[in-house]
Structure formats: structure tokens, C-alpha cells
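The next block holds one structure in the form of C-alpha cells; read it before the comments.
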Protein chains: 2
Amino acid sequence: HQSLDDLHVASSPRLKYRILNHWDNLDGTIERGYAGFSFWDWHKLPDYLAPRYTDYARAVASIGINGATLTNVNANALSLTPQYLTKAAALADLFRPYGIRVYLSARFSAPIEIGGLKTADPLDADVIAWWQAKAAEIYRHIPDFGGFIVKANSEGQPGPHDYHRSHSDGANLLANALAPFGGMVIWRAFVYASENPEDRTKQAYDDLVPQDGLFAPNVLLQVKNGPLDFQPREPYHPIFGAMPQTSLMLEVQMAQEYLGLATHMVYMAPLFKETLDAETCDGPLANTVLGMAGVANTGSDRNWCGHPFGAANWYTFGRLAWDYTLSSETIADEWLRMTFSNDAHFVQKATGMMLTSREAPVNYMTPLGLHHIMARSHHYGPGPWVTGGRADWTSLYYHQADSEGIGFNRTPSGSNAVSQYCPPYREQLANLDTCPENLLLWFHHVAWRHVLKSGRTLWEELCFKYNEGVAQVRQMQADWDSLVE
Amino acid sequence: HQSLDDLHVASSPRLKYRILNHWDNLDGTIERGYAGFSFWDWHKLPDYLAPRYTDYARAVASIGINGATLTNVNANALSLTPQYLTKAAALADLFRPYGIRVYLSARFSAPIEIGGLKTADPLDADVIAWWQAKAAEIYRHIPDFGGFIVKANSEGQPGPHDYHRSHSDGANLLANALAPFGGMVIWRAFVYASENPEDRTKQAYDDLVPQDGLFAPNVLLQVKNGPLDFQPREPYHPIFGAMPQTSLMLEVQMAQEYLGLATHMVYMAPLFKETLDAETCDGPLANTVLGMAGVANTGSDRNWCGHPFGAANWYTFGRLAWDYTLSSETIADEWLRMTFSNDAHFVQKATGMMLTSREAPVNYMTPLGLHHIMARSHHYGPGPWVTGGRADWTSLYYHQADSEGIGFNRTPSGSNAVSQYCPPYREQLANLDTCPENLLLWFHHVAWRHVLKSGRTLWEELCFKYNEGVAQVRQMQADWDSLVE
């Protein structure tokens, strides 16, 4: 404990939008949720306001989060019907005193599904009128409604491409409807298609960067930290720094979809910091964004986040969205003291565990830049053997292992994804000798016998890293056991 | 509070099997669950034992329940794989000190789905051997395994009929496999088929009663309280008292599938008592059964049962399974004092609310013997207009309303379901003038202008009853508000 006598704190947020993204379905399930089920009891809303809603609002507000998207980005149009708007309004009323704005996911085909129209074409006059009327209706329910979050033309979701329109056409349709009321459209940049033969990690950049300047002022383009999908380690997403005329949000995922669900201990501050600190074509990544979105790891579990250290990642998200200059050590220290103990020995040991816990899963899952080699569908456990079905959801697509070597050649002799980064980083990545070894197999197909800086061959280094990851976990277990009195 | 000085209680259970039935799926959802999601976290089992498991065991044991079926009767064969048996064993180990035996639902086609056989024919030698080996395997994991619960050839579930075998063939297949280890087969009598043109309420009796004496000694035939499906009011199921050579269990449902989910207040003791006290062909119904099964209303909600009075039904189930002679008033009194307050005024008012709350939903949902006229699929709210799809899942099938009148003629001039009851009850039911009015439209198609004992016509009486139900709820609300200080 510290004395409060000389406490003088003045702090203002560095990012304007600090939004928790819930991937919660209307039936109470959570996509990629590992800590139970949804907080939102849509059946009992608006009449019954569970005490947990207030607890949630207090927790969220305490770390400076100022918005929450309540519904899954794989959206259900029902959430925009009057019945559900009444329910969302009850939550918005409850959250308002805590400074939390409610956002809803918008299904692009809602004009068809709940509007009775024959099309959702963003340039169709009836569609435009429908969204305008819908926006007005929403603001009658929720006067400070934050806006829509939209996953369009991605993984089967409907979108403007269905009508040969661009993402900016789609985003602006909704943005223009919300603009009179001050609402935002959060348009997700997580777009790719299995029909596109291009390297999946290049597709979002290829599609969206040429549209820089075409998005309405109240559109926020929400970009995941890396160009693939929340892998244990990715290079930063090259859209950051490449769309200076577009407002960007950084999306991170506290839910451990690719990081051992809620059963592995992974403290994500070093992961988030690695992205925020990245040097883009336009300076530090954190300077290129207006906000951060964090995919929530909360649920109905007794401790809300599943793993005993899971709440640290939610806390980290709020703290970094408020002030991305905070160090991983500082945030761990804060959280440990508030959660467990001020005992110096405990805090020191547990901080060490937390800081190790980010690199450990990289080592035991995807060392040296490997990625997307997990088991299919549930994404838990290894699955480098996964083949079949759409290619860009297989492991083989990404590791490209053969008798010669392993890794995805994204240099100019391969997919040339490196071209989406600026010099000198581009050249550094493209050169086998200068590419950071922790991203080596992301950018290069490397011979098994290639010798790394350690003096070990690639094969030996892979074995070394996998074993190192296991050893790190064993050490964490020993450290934790040593802290039990 | 009462003094404990002169407390001398000796009590032994009147029924041997007191089993909670969880309709919980392996993915954490609960079929007909309205209080959140499953207690069982199959992903984290067996390593992580949530504190709630122990809380659950204590609560269950405190009311004398001695068994729990962990998995949905609409079963997933995966629950019988080694991986899941290890998980179930962890729960069994935890529950054992509390005297709670674990049962699992068995999918009849498991030999095909997880055994690699080409058939699940109960007379096939390989199938017999597979279940014998599976039983031995289960008992290696869980030495005091209670046994299987099986829903077969009902609502799309596989079963012995798929191979032109009888229910007793199917039940005995599993019973013989479990017998060496002391396990039981709980075979559900909730069997009917849309292909069968016979009145749905007659089908289970028609199929099963002729098999009396054919079931192995370690088979318990589990029969719902009424011949349809947990309606607000049903006549008792005519199988009770009609199968003297078969061990029977009474199945009731605390989950309020047809009683307003977890949002309506319904205290079920009067409902359960009505069944237990029924006079069958072979004496009081309670004397014809070896046990009671209760479909659980528990879930991950903060208060475990959703509605603030929901836990009363779980409590009631345990108390009545232990001693079915307890009165509804006594059980309400016990529960209110332990849950809320010993204040005499409170207990008196709240007991009144609870006792009213059983008849109120009958009045505002299905008065005068109406049944199965709820909305389709989710079963919440009214749906007398539901038609289309399989006939026996429509409302029209049951209310038979036309310009002349309303009700299902189950007298000898109709489906003759009354023939499944014994004289003199049979004749009492069959006669329009002697049939209890609270079951009138269950057994008779009655003219709208028919005059009832009240002097009102049927139409007037229906209106009266619906309004009476609403008035009862308003009174409950007023009573509850009056109790808030």
C-alpha cells in the first residue's frame, strides 16, 4: 500500500476511442469466448437488469474504456429490430453514467433480412433510405448511440462486394446515415476471400489502401494488429501508416483464440506493445491510430475471464488504450498489486511469470515466425498437418513445409508481401540475413539446414525453441508453486 | 429461528432414486435451460475443478438428492469416449463424498459413432460386446457409476426401433452390460413418433405396457408426470400403476419449459403433489415408483436458477423425492425461511404467493385442460395459431378448435385415451358431466355454448380463467411490493 497524502494524478487519454468488442451472439453464446457465456441476457432485457451489468460498467469505466460493441461482428440482423433496440437501450441507459457508449454490429444485409427489401446495394435509394430511417430509430432509443461495427465481405459475411461496390461505398452508406446523429461506423479491415489467389496476408492492404481518402469522416477503419489473425506473433499490419487520410483503429484480442484459450497463461501487454511500438511508414504505429478496440475475454465464469491471469489482459487493454507509453512491467505491477498482493517478493516473481508468458506460447506454438499451424476450427492445440477444405484455412498454406525447408516466401521471389512495408524495413525483412529471426518463417522459406545466429540449424533451432517454451512453462509452474504459502 | 436444544430428527428417504437430470450439452449450452449455461466446463475438466462443483454437491446433498445425470438426454456419443470419461470421473470423484452418483446419457447409436461398428442393433453380437467393453471401461474410470439414461426412438433420437427391436430389447442390451458392475439403465418412456397416426398421448402406453415384465431387473423406466410433455396441467401418466413388473421412475421438470421459462414465478410443489397423490389403477402414484427424476433448472446465472423463486422448485424436488408426503405449504415455509426471512408476516404472504403461482399459469396459459398451445420451438408465450410442420408439434393438433367448440376428444367416441385409465376414473373422465373441469378440454371436445358448473358458457369460462390468471399475477405483484420495506 502507498500513502495517498501526496497523490496528485492528472491523466488524459492518448487515444480517443477505447472500445471493448464483445463477440456475443443473441443466444448467449460467445464466438471465441472461453470464460463462459455472454453477460447480456437478451431474453430478460429490458425488464431485468442483472447486477453484473453495473459491476461490468464500473470495471470498464475504471480503466478508461469508453465504448462497448455489444454484439458479434458475425452479426445477426435481429439486433437492429425494435425489440432488440429496446433491450440495447436499457444497457445504454445503465452504462451512460459510466461514460460508456453502446455500439452494435450491423449486418450489411439487414435491409433484406429485417427490412423486406430485395437488395442491400449501398447505392440503392431504398437501401440508403432504410439505413437513414434505421439510424433515426436507433437514436430515438439510444440518444448517444456510438455507432455500428461491421464485418463485411469476410468469412462469408455479406457486404458491398456482393453488389460490386467497394468497402468505402459500404462504409459510407452507414456513415452517412449515422452522421446527422454523430455516430461512427467502425469498418473492419479483416477482409479476405478464399477465391482470391493472392497471399491472404496481402489482401486487406491491396483492397483498402487504394481507397484511402474515400471513406467518410465518421468512418473508423479497424485493423487487427497483424495482417493475418491474432497469431502468437505477427509483423505489424502494413495498413498502419499507409492510409494517412483514413481514421484507423487498432484491434487486439484479449480472448486467447490462438493463445491457448483461457487455459494457458499469456500476459498480452508485451504483444500489444510490440504492435504499438512498431515503426510504420508514417512513424510509430501508436501515432497512426485514433483508438484501440479489444476483443473481450469476459464471460459468465465466476472470475469473468476464465484463467486467473485473464483479467490482466482486459486491464492491459484499457490501460494501453488510455496511455500506450506505459510499460508491460508497470501494468503487470499495477494489476498484480490490485488483484493479489503488495508483497514485494510475490510481485517480483509474478511479474517475471507474466513477462515470460508472452514469449512462451510463441516458442511452444509458433517459433521463428511460424503461424496458423493450429488445430482446425477450435484453434486449440497444434495442427500443422491440417489440410483440406479452403486452402487459406489450412496449415500447409502457411508453413509450406517440404523436404527442403519450411516457411512462407513473402519476399519479391515469393508473394512479395514485404512490398507492403516501407524501406528500410522492407529490405530488412526481404533479406534472409537481416530479417528478424522471430519473423523469419513468416517471410522466408528457409532450408532445414540453414544455420541461424545461434549456430544451430533451422531444424535444431525449431526444436530448441519448442523445448524452451515448455521449459518456460515449467518454470512458471515452479515459480507459482513457490508463491503458495 | 428455532431453538436446536430439543431437536431430534430421524428421517429416511421414501424413494430410493432421487436423481437430478441435467440436459446439458458438451458445448456448455443447456437444452431448455433458462438460468445461464452449464455448470460443467468440459474443456477445463478434469484438470480444473471449479469451486462451483463443490457448492453444487453440497446443495444437492443437503436435500437428499443422490444422483445426477450430467448430460443431455438428446445425447452426444462423445461423452462416452475415454477423453470425456476422464472428465466425468473427475466430477464423480468430487461428488462421491457427498453421496452423489454420476450417470451419463447414452446415445443408442454410439457403437456406430464412436465404436466404428456398422450397426447398433441390440441383438447384434458385436454391439453387445461393444457395450460390455464400454461398461467395463466406464467402471474403471468411475467405480460407482450410476448408469445410463437413454432417450431412444423419440424426437429423432436413434433407438432399437431402427432395427425393428423393442424398447425392452434396447434397454436390456445396456442393462446386461451394466449389471456386472451394479449399474442401472434409466430408459425414458417419453416415446412417440409423428409417423404414428395414433393420439400422441396414447403412444407410450401402447408401446410399453405390453412389455411389462420384459425389462431386465436393473432397468428403471422413467415416465413423465403426464402423458404429453410437462404442460401446466396434465392428467397423470397412465403408465403409472399399469406396469407392476417394471421399476418406474417419475420424471418432473423444474426447468420451466412450458411455464414461462425463468421469467414467470411458478412454485411447482402443488404440481408435483398433484401427480404424486394421483390414484392409479394400482393405488397412489407415489407408491408405484422407485424414484424421482427432476430436470434441473440450474445454470451459470448468479443465483443459479434465474427467477428469484426458481430455487424453490429444485428444493421441492429434493424434498418430495425424499418424502412425498410433505405438503406444498410445508416445503414453501422451509424454503422461504432459509432463503429470505423468518418474519411471520413475510412468510405468510410469500407462501400465499407461491401457492397461487401454480394455478395462475394454468389459468393464463392453458385453462380447463387446454394443452400444447404455446409458441413453437422456444415454447415461450402463446401460439394457439401454430400449424404446419409435423402435426403433433402444432397447437391445432391439441386444441382442435372449430366453429362448434374446442378440445381433444379422448373419450371412446374419439381417441379413447381414457381407456388407458382404470374404472371408475376412466368413466369419470369419459363423461362430460363428471370429468374434472380442470381437465375438461384434455378429454372432451366441448361446445362453445356448453354451460359449466359456474353457470358460465365454455367461452365465458375461458375468458374468466384467462382473466383470473392475470389478476392472480397482479395480486402476486402487489403482495411482493407490499413486502418491500
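Just so you know, all these numbers are worked out from the coordinates, no wet-lab data involved. A quick note: this is a predicted structure, and the numbers were derived from the prediction, not measured. Cβ coordinates were reconstructed from backbone atoms using ideal geometry, including for glycine residues, and neighbour counts include every protein chain displayed.
Which of the listed residues, B:Ser12, B:Leu26, B:Ala75, is farthest toward the dipole's positive end in segment B:1-79, when Lys, Arg count +1 and Asp, Glu count -1 at the beta-carbon? Going by the charge dipole, the pick is B:Ser12. Over chain B, the alpha carbon radius of gyration divided by the compact-protein estimate 2.2 N^0.38 Å works out to 0.98. Taking the number of Cβ atoms within 10 Å of each Cβ as an exposure proxy, the fewest-first ranking of B:Val446, B:Val484, B:Val150 is B:Val484, B:Val446, B:Val150.
Amide hydrogen proximity for B:Thr280: with H placed 1.01 Å from N in the peptide plane, the residues at 5 or more positions away or on another chain lying under 5 Å are B:Leu285. Of the three principal axes defined by the Cα atoms of segment B:1-105, the extents in descending order read 52, 27, 26 Å. Divide the volume of the convex hull around the Cα atoms of the protein assembly as shown by the residue count and you get 212 Å³ per residue.
Shielding by partners for peptide A:262-272, expressed as the average number of C-beta atoms from other protein chains within 10 Å of each residue's C-beta, is 1. For chain A, the cysteines with no partner cysteine C-beta closer than 4.7 Å are A:Cys305, A:Cys435, A:Cys463. Taking a straight line from the alpha carbon of B:Lys465, these lysines sit under 25 Å away, with near neighbours fewer than eight places off in the same chain left out: B:Lys273, B:Lys349, B:Lys453.
Structural descriptor for chain B: relative contact order 13 percent, calculated from alpha carbon pairs under 8 angstrom and at least 6 residues apart.
About the centre of its Cα atoms, segment B:1-86 shows a dipole size close to 260 debye [charges on the beta carbon of Lys, Arg (+1) and Asp, Glu (-1) only; nearest 20 debye]. Given segment A:259-372 reduced to its alpha-carbon atoms as identical point scatterers, what log10 I(q)/I(0) does the Debye formula return at q = 0.23 Å⁻¹? Log10 I(q)/I(0), no solvent term: -1.39. Seen from a random direction on average, the alpha-carbon convex hull of segment A:322-480 projects onto 12.4 square nanometres. For segment B:375-387, the Karplus equation 6.51 cos²θ - 1.76 cosθ + 1.60, evaluated at θ = phi - 60°, returns couplings of 4, 6, 6, 7, 6, 10, x, x, x, x, 8, 5, 9 Hz by residue, with Gly and Pro reported as x. Given +1 at the Cβ of Lys and Arg, -1 at the Cβ of Asp and Glu and no other charges, the dipole of chain B around its Cα centre is 520 debye to the nearest 20. A:Val209 label point (Cα plus 7 Å toward Cβ) to equivalent points in the other copies: 7.9 nm, shortest first.
Between A:Gln253 and A:Val295, the built amide H atoms are under 5 Å apart, and every one of these is 5 or more places off in sequence or on another chain. Counted by neighbouring Cβ atoms within 10 Å, the residues B:Ile186, B:Ile138 run from fewest to most as B:Ile138, B:Ile186. Relative to the other identical copies, A:Ala471 shows label-point distances of 8.2 nm, where the label point lies 7 Å from Cα along the Cβ direction and values run shortest first. If you take the Cα centroid of segment A:324-338 and the Cα centroid of segment A:131-177, the two points sit 37 Å apart. Mean per-residue shielding of peptide B:33-46 is 3, counting Cβ atoms of other chains within 10 Å of each Cβ.
Taking the DSSP bridge list for chain B and keeping only pairs wholly inside it, about 20 percent are antiparallel. As a proxy for reagent exposure, ranking B:Met365, B:Met354 by other Cβ atoms within 10 Å from fewest up yields B:Met365, B:Met354.
With label points defined 7 Å past Cα in the direction of Cβ, position A:Gly352 shows copy-to-copy spacings of 6.8 nm, given to one decimal and shortest first. For the protein assembly as shown, the dipole from Cβ point charges (+1 on Lys and Arg, -1 on Asp and Glu) about the Cα centre works out to 140 debye, to the nearest 20. Taking a ≥ b ≥ c as the square roots of the eigenvalues of the Cα gyration tensor of segment A:179-271, is the shape rounded (a/c under 1.5), prolate (a/b larger than b/c) or oblate? The shape class here is oblate.
Residue ranges A:375-383, A:196-204 sort as A:196-204, A:375-383 when ordered by packing (mean number of other C-beta atoms within 10 Å per residue, highest first). Think of segment B:422-476 as having a plus end and a minus end, set by charges on the Cβ of Lys, Arg, Asp and Glu; of B:Pro423, B:Ser454, B:Ala471, B:Ala471 sits farthest toward the positive end of this dipole.
Taking segment B:412-485, how much of its Cα-Cα pair set, in percent, is spaced more than 21 angstrom apart? When all Cα pairs of segment B:412-485 are counted, 46 percent exceed 21 Å. Restricting segment B:37-70 to chymotrypsin sites (Phe, Trp or Tyr not before Pro) that sit in a DSSP loop and have at most 15 other Cβ atoms within 10 Å of their own Cβ leaves B:Tyr48. Across the alpha-carbon set of segment A:81-150, the Rg to Rh ratio works out to 1.01, Rh being the Kirkwood radius. When only alpha carbons of segment B:322-408 are considered, Rg and Dmax amount to 18.6, 53 Å.
Applying a length cut-off of 18 Å (Cα extent along the axis) and a mean Kyte-Doolittle floor of 0.0 to the DSSP H helices of chain A leaves A:82-95.
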